[in-house]
1. Among GLY215, GLY221, GLY233, which is in the same structural domain as ILE273 (by TED's automatic domain parsing), without any contact (Cβ under 8 Å) to a residue 60 or more places away in the chain and under 21 Å from GLU279 (Cα atoms)?
2. For segment 113-120, state whether one or more residues are modelled with pLDDT of 95 or more, part of a helix (DSSP H, G or I), in contact with a strand residue (DSSP E or B) (Cβ under 6 Å, 6 or more places away or on another chain) and not small (Gly, Ala, Ser).
3. Examine segment 243-266 for a residue that is touching a Ser or Thr at 6+ places or on another chain (Cβ under 7 Å) and over 26 Å from GLY390 (Cα atoms), and state whether such a residue exists.
4. What number of residues within segment 333-350 satisfy the criterion of being within 24 Å of the chain's Cα centre (by Cα) and closer than 12 Å to VAL436 by Cβ?
5. Which residues, taken from segment 265-305, are closer than 24 Å to ARG482 by Cα and of a type in the set (Lys, Arg)?
6. With PRO477, PRO470 as the choices, which residue is farther than 30 Å from ASP129 by Cα and outside any helix (DSSP H, G or I)?
7. Between ILE81, ILE149, ILE103, which is farther than 18 Å from ALA50 by Cβ and either crowded, with 24+ Cβ neighbours inside 10 Å or in contact (Cβ under 8 Å) with a residue 24 or more places away in the chain (or both)?
8. Step by step: first the residues of segment 43-66, then only those that are under 20 Å from ALA152 (Cβ atoms) and surrounded by 22 or more Cβ atoms within 10 Å (Cβ to Cβ), then the one that is nearest to the chain's Cα centre (by Cα). Which residue is that?
Amino acid sequence: MVTFGGNNVGRNETIRAAFVAGILAIGAVASGEAIDERVDAHRDDAVALARDLFDYAELGYLENQSVDRLTTLLASNGFAIEREIADIPTAFLAEAGSGKPVIGILAEFDALPGLSQSPIPTRSPVVADAPGHACGHHLFGSASTTAAIAVAEWLEANGREGTVRVYGTPAEEGGSGKVYLTREGYFADVDIMLHWHPSSSNRAAPESSTSNKSGRFRFHGIAAHAAAAPHRGRSALDGVEAMNYMVNLMREHVPSDSRIHYVITDGGRAPNIVPEFAEVYYYVRNPDAEIVAALFERVVAAARGAVLGTETRMTYEVMHGNFPLLRNDTLAGLLHEEMTRIGGYKMNAQQIEFATTIRETLFGNLPPLSDTEVIQPSVFTQKMGSTDVGDVSWTVPTAGFGTATWVPGTPAHSWQAVAAGGMSIGHEGMMMAARVLAASAARLFEDEELLRRAWQEFEERRGANFEYEPLLGDRDPPLDYRL
């Protein structure tokens, strides 16, 4: 028996399979349909779970009801639960089975601020300005949990050795929850990590993302009457605006695949008071983590220059940092093959009516509604967004996919995504994702050679001298970042 996780696979393995960008010819597995049936047997529980998480709509590091609901269901299905891992109240680990290999499945469940929406095709917040699941993490958490339960049943029914784990990872949206778990070594003995994400199409392919580092820059000035004694004041807002001006000039002199975004989160309280406090929140992105680190330091330098020019003071806090996804074509090929076998889904009349109404609110060239039935080609994509899954992928071979939980053409982080994700379109895509996760995990438990290929590619892509250092440094989890 070959042991895989925890750097136990050496570079002298005899298998030297070529990397491919499409489907890998890794053989059909008879267990596919059997485990599909196990997933489908849990459909009612999965939909009920997704609906509850949708209703909770809890922000990052505040997902207390969501975690209680998820862990209660997992425990009732025989999983051992460890709560509050990595000193995060809403992070958990759930495990079933025993021995090697260890297959992990990521589960997310945080919502986004200000995107509350009823599951209907017109803009209708449940509660004005309240959070909503505009990235579909309620579906993410439910599908991952459902898949893991089916895999645990399959392992026991077939008398197979192996461990399936669900990692409950909070605060993906700007909180970098997975980075803290990575930093604390919670993935060190995992052999393969699988994940998925809600989307407007069905796609499993090699991909990477941008690395990302963010920070809050807080300027402190001197308050004064803005009309009677402006010379006695020093404006913290001037510091923010001077910093922003210099960063905007800097955009001409950064790599073209970089992204820099900011919002002024506090610009003062009244126009007739020279602001004594102001704050700006920055994101810096690039596909290369080292470039992101260097660009962030240039942003810091601009802030320091603004301090000199405005006679203010400044402090800054690194809020989060994510590595780019490390692609793994071997695992992407597996996921694509299972997704192709399982297939997409055809919308019924009620869903088509809902989708048609939603699409009246969308812009641009939209794909056909029949895209829910289509499995997109498996072609490498460099995504410009960021995810804390990136850090996990530099620790253990990792791959993911997306399924059509939204009306084709719907952008993430929109009320339209919330609406579809809360009704049967979202649930269909969610169940499809659960089948792909479960079937792919079963293949990995059965195919030792596939594990070797994934690890060989992982080690070669990561490089012999790689040492993981989180971009967010040694800071504690920002448990209050959404308060």
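1. Working: GLY215 fails: without any contact (Cβ under 8 Å) to a residue 60 or more places away in the chain; GLY221 fails: without any contact (Cβ under 8 Å) to a residue 60 or more places away in the chain.
After applying the criteria, what remains is GLY233.
2. Let us first name the residues in segment 113-120 that are modelled with pLDDT of 95 or more, namely 113-120.
If we keep only those that are part of a helix (DSSP H, G or I) too, we end up with none.
No, the conditions are met nowhere in segment 113-120.
3. Looking through segment 243-266, none of the residues is touching a Ser or Thr at 6+ places or on another chain (Cβ under 7 Å) and over 26 Å from GLY390 (Cα atoms).
4. The total comes to 10.
5. Answer for segment 265-305, where residues must be closer than 24 Å to ARG482 by Cα and of a type in the set (Lys, Arg): ARG269, ARG285.
6. The conditions single out PRO470.
7. So the residue among ILE81, ILE149, ILE103 that is farther than 18 Å from ALA50 by Cβ and either crowded, with 24+ Cβ neighbours inside 10 Å or in contact (Cβ under 8 Å) with a residue 24 or more places away in the chain (or both) is ILE103.
8. Applying the first criterion (under 20 Å from ALA152 (Cβ atoms)) to segment 43-66 yields 43-50.
Adding the requirement that they be surrounded by 22 or more Cβ atoms within 10 Å (Cβ to Cβ) leaves 46, 49-50.
Working: ALA46: 20, LEU49: 19, ALA50: 17 Å.
Residue satisfying both the conditions and the ranking: ALA50.
The values are calculated or read from the model by the stated rules, or taken from the named source; none is laboratory data. This is a predicted model, so every value here is computed, not measured. Neighbour counts are summed over all protein chains in view; Cβ atoms, including those assigned to glycine, are modelled from backbone coordinates with ideal geometry.
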